[in-house]
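The structure under discussion appears below in the form of structure tokens.
The values are calculated or read from the model by the stated rules, or taken from the named source; none is laboratory data. It should be emphasised that the depicted structure is a prediction, and the values quoted were computed from it without experimental measurement. Please note: Cβ atoms are built from the backbone with ideal geometry, for glycine as well, and neighbour counts cover all protein chains shown. In case anyone asks, the SASA skips ligands and DNA or RNA and just uses the protein heavy atoms, side chains included. Shrake-Rupley method; radii C 1.70, N 1.55, O 1.52, S 1.80 Å.
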Amino acid sequence: MNHLAPQTHTRRLFGTDGIRGRANVAPMTAEIALKLGQAAGLLFTRGNYRHQVIIGKDTRLSGYMLEPALTAGFIGAGMDVTLAGPLPTPAIAMLTRSLRADLGVVISASHNPFEDNGIKLFGPDGAKLSDETEAEIEALMAQDLSERLAGASALGRAVRLVDAGGRYIESAKSSLPRGLRLDGLRVVLDCANGAAYKVAPAALWELGAEVIPLGINPDGFNINKECGSTVPGFLSAAVVEHRAHLGIALDGDADRVILVDERGSIIDGDQVLALIARAFQADNRLSGTSVVATVMSNLGLERYLASIGLDLHRTAVGDRYVAEAMRARGLNLGGEQSGHVILSDFATTGDGLIAALQVLAVLVRDGRSASDVCRPFKPLPQRLRNVRYHGASPLLDPAVAAATRDAEQRLASTGRLLIRASGTEPLIRVMAEGEDETMIVSIVDDLCAVIEAASLRIVA
């Protein structure tokens, strides 16, 4: 049983996945991006050598504003800047390590609409920065840094990495077992008009698949618009129309994936985790006896893993918390129901393309349809609703606390309840799951009504 999810961090700008907001409105302004570049550049200048940062982005119009502002900040701090252009988030994480850069930066709001944008940072190891490091950067941004910036002769330079896409394609392809090909497979691939619009179709085609690409014509405004992993119905219809073996839907920065079987049915991140766990266990490629997921993952996943001798370790929501737990426990598989799947043998963060390739490898090896192999377990009934609020969070309202206690008593030991604030939007997420679907629906709807009422009282 899970109670109200605690909110422990004190950071003001950084949320669960970097800094995010409406483009050209604080904190997503050129001014703040400049200060971020200066502060992060100074913090990660830690030796007597030329320091380097690599910057990638997705296809949002506002990337043209934020990229040069960040570049100017890093150059002013004395860092050399390598510009990779539109590339998936995991590609920038990979390149940060490959190029021995001191810092990696991705300009993206992931699955959000084009009006939003975000900035997330990776350390030299290709991992997202800790809460503590982000707090240090925020503290520096609040200071006058004019006396600490580089002198005229110590300014950095900016260059463009022309083969960035090719490097990532080869890295993704190498995640497959040696000699495995995708010849004979017809795959519909929805790139969400986002960062993977070039590299993902190229990687699948080079591996031998017949690729039907969708969402590969970004115009700065259409990222995630009626396509991508958050709108899987678009992919489902295309898979059935083209009689494909599998459908793959990435989000705007391609760090998450949702799959569709040949019948058009959706396969979420929990099922992908279960499938890869079973395959890696069979091949002796699974590190340890545990898989990491978040508090949002279905109880069915936990029970399935237990049936094959594996444990499920749960973390707070956010793929970086999953990655941190994996590193701490020496595990190589983790992810989220939303489609972030981390395979640490190949990537330091969620990678939608690499996760999809592991599923395709199972289809090739087993010679069976996606509908046969991609649902290892039956999920328990689960209901998730979001309540948007204005002003202060309604979670501290006494009526919400009382309603939560009542809901937990109704569930008793037959399910789980989770109420948490989103780290990227002013939303309260309410999730319940258990054996009785009618009761689950009633619990979530009743709680949402109480939260909505509390939010209206706070605004009034």
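Quick notes on this one:
- Distance between the pseudo-spin-label points of S369 and R148 (7 Å out from Cα toward the beta carbon): 6.1 nm.
- For the chain, the alpha-carbon coordinates run over 68, 61, 41 Å along the three principal axes, in decreasing order.
- Pairs from the list K57/K128; K35/K120; K57/K173 with a Cα-Cα gap above 18 Å: K57/K173.
- Inter-label distance, S174 to N217: 3.6 nm, where each label sits 7 Å from its Cα along the C-beta direction.
- Anisotropy class assigned to segment 169-221 is oblate, per the alpha carbon gyration tensor with a/c at or over the 1.5 cut-off and a/b no larger than b/c.
- Cα gyration tensor shape of segment 283-421, rounded if a/c is under 1.5, else prolate or oblate by comparing a/b with b/c: prolate
- Largest accessible area first, the residues S98, S413 order themselves as S413, S98 under a 1.4 Å probe with ligands, DNA and RNA left out.
- Legend: translational diffusion of segment 9-64 by Stokes-Einstein, Rh = Kirkwood radius over C-alpha pairs, 37 °C, 0.692 mPa s; D = 250 µm²/s.
- Accessible area (Å², 1.4 Å probe, nearest 10) - S265: 50
- Exposure ranking of E67, E206 by accessible area [1.4 Å probe, largest first]: E206, E67
- When DSSP beta bridges are restricted to pairs lying wholly in the chain, around 50% turn out antiparallel.
- For the pair Y64 and R100, a Förster radius of 25 Å applied to the C-beta separation gives a FRET efficiency near 0.35, rounded to the nearest 0.05.
- Among the helices of the chain, those built from whole DSSP H runs whose Cα atoms reach 30 Å or more along their own axis and whose mean Kyte-Doolittle hydropathy is at least -1.0 are 437-459.
- Estimated FRET transfer efficiency (K378, A453; beta-carbon r; R0 30 Å; 0.05): 0.25
- The base-10 log of I(q)/I(0) for segment 135-207, evaluated at q = 0.26 Å⁻¹, reads -1.24 [Debye formula, identical scatterers on Cα atoms, solvent excluded].
- Considering only A449, A293, S371, and ranking their Cα positions along the charge dipole of the chain that arises from unit charges at the beta-carbon of Lys, Arg, Asp and Glu, the one farthest toward the positive end is A293.
- Note on H313: accessible area is roughly 50 Å² with a 1.4 Å probe, heavy atoms of protein only.
- FRET E, pair A402, R285, Förster distance 30 Å, beta-carbon r, rounded to 0.05: 0.05
- Pair A158, R22: separation of 7 Å Cα→Cβ label points (nm): 2.7
- Each helix, a run of at least 4 DSSP H residues, gives -39500 (n - 2.57); summed and divided by the residues of the chain, these come to -11500 deg cm²/dmol at 222 nm.
- Computed lengthening from D183 to H390, 0.36 nm per intervening residue step minus Cα-Cα distance: 69.3 nm
- Computed with a 1.4 Å probe on the full set of protein chains, the accessible area for R429 sits at about 40 Å².
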